[in-house]
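Visitor: The structure's right below; bear with me while I get my questions together.
The values are calculated or read from the model by the stated rules, or taken from the named source; none is laboratory data. All values derive from a computational prediction rather than experimental measurement. Methodologically, a virtual Cβ is constructed for each residue, glycine included, from the backbone with ideal geometry; neighbour enumeration extends over all protein chains shown. We work out accessible area using only protein heavy atoms, side chains counted, and drop any ligands, DNA or RNA first. Shrake-Rupley method; radii C 1.70, N 1.55, O 1.52, S 1.80 Å.
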Amino acid sequence: IEYYQEYKNKSFHSLPLLSGEDLQKGPVYKSHKFISKDLSSGGYFYASGGTTGQPKYCFYSYAEFSKVASLLAYSYEKNGVKPGDYVANLFMAGNMWSSFNVVQIALEHCRAVQLPIGGNCRAIDFRNYISKFNVKNIFGLPSLLVSLAEATPGLKIERIFYAGERFSEAGKQIILK
């Protein structure tokens, strides 16, 4: 990493920790001094949701992102996703968020049959997709899953996988109805 070049003769334990202030001086969209990879091999820039008011950006090489997806696939398989299962990806695509992409790639590793619905789906379309395709597993943000459950009473799903925010007890009760 370019940032540490002045410390190249120092031991690892004597290196200074990066601070938020350091990263603000050289954000990845202006400088690559905090990136350890050669960007000529390609990859992805992603952004956090920005819950602190300003999103944070990071870079994943294709190999790194594939490894993350592989590890995620392993967790899905251990939690019941089987080859041939019909699954719905309800994460939000775009806006530089990684969730939709990484879930899609992880589900490829699981050999699941995917419905890439996305998080901006209307409730009536959601009900139709889930019913017609006999979807066993859905993936998404808790707030979206709760709103869809409220709008589609009686719809049954075997497994729900969520990430990105806390799943409240009240939300869980709505899902379990």
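Visitor: If Lys and Arg each add +1 and Asp and Glu each add -1, what is the summed charge of the other residues whose beta carbon sits under 11 Å from the beta carbon of residue 24?
Guide: With Lys, Arg at +1 and Asp, Glu at -1, the neighbours total +1.
Visitor: Okay, next question. Helix 62-78 versus the longest principal axis of the chain: what angle, 0 to 90°, nearest 10, using Cα atoms?
Guide: Between helix and principal axis, roughly 40 degrees.
Visitor: Measure nothing fancy, just the Cα-based angle from helix 142-151's long axis to the longest principal axis of the chain, in degrees from 0 to 90, nearest 10.
Guide: Rounded to the nearest ten degrees, it is 20.
Visitor: Here is a follow-up. Over the chain, give the accessible area per residue in Å² for a 1.4 Å probe, as an integer.
Guide: Details: 11230 Å² over 177 residues.
Per residue, the chain has 63 Å² of solvent-accessible surface.
Visitor: Hey, got the dipole for the chain? About the Cα centre, +1 on K and R Cβ, -1 on D and E Cβ, debye to the nearest 20?
Guide: It works out to roughly 300 debye.
Visitor: For the Cα atoms of the chain, what angle does the longest principal axis make with the long axis of helix 99-109, in degrees from 0 to 90, nearest 10?
Guide: The two axes meet at around 70 degrees.
Visitor: At a Förster radius of 30 Å, what calculated FRET efficiency corresponds to the Cβ-Cβ distance of residue 132 and residue 93, to the nearest 0.05?
Guide: With R0 = 30 Å, the Cβ-Cβ based efficiency is 0.90.
Visitor: Please list, in chain and number order, the residues 5+ apart from residue 112 or on another chain whose amide H is under 5 Å from its amide H, with Hs placed from the backbone.
Guide: Under 5 Å from the amide H of residue 112: 84.
Visitor: May I pose another question? Looking at the chain, what % of the alpha carbon pairs are farther apart than 30 Å?
Guide: Values: 4995 of 15576 pairs.
Counting every Cα pair in the chain, those more than 30 Å apart make up 32 percent.
Visitor: Sticking with this structure for a sec: Give me the percent of DSSP beta bridges within the chain that run antiparallel, rounded to the nearest 5. All intermediate terms of the calculation are to be shown ahead of the outcome.
Guide: Working: 5 of 15 bridges.
In the chain, approximately 35 percent of DSSP beta bridges are antiparallel ones.
Visitor: Right, next: Ranking request for peptides 153-162, 82-91, 68-77, 168-177: highest mean number of other beta-carbon atoms within 10 Å first, then the rest in descending order.
Guide: 82-91, 68-77, 153-162, 168-177
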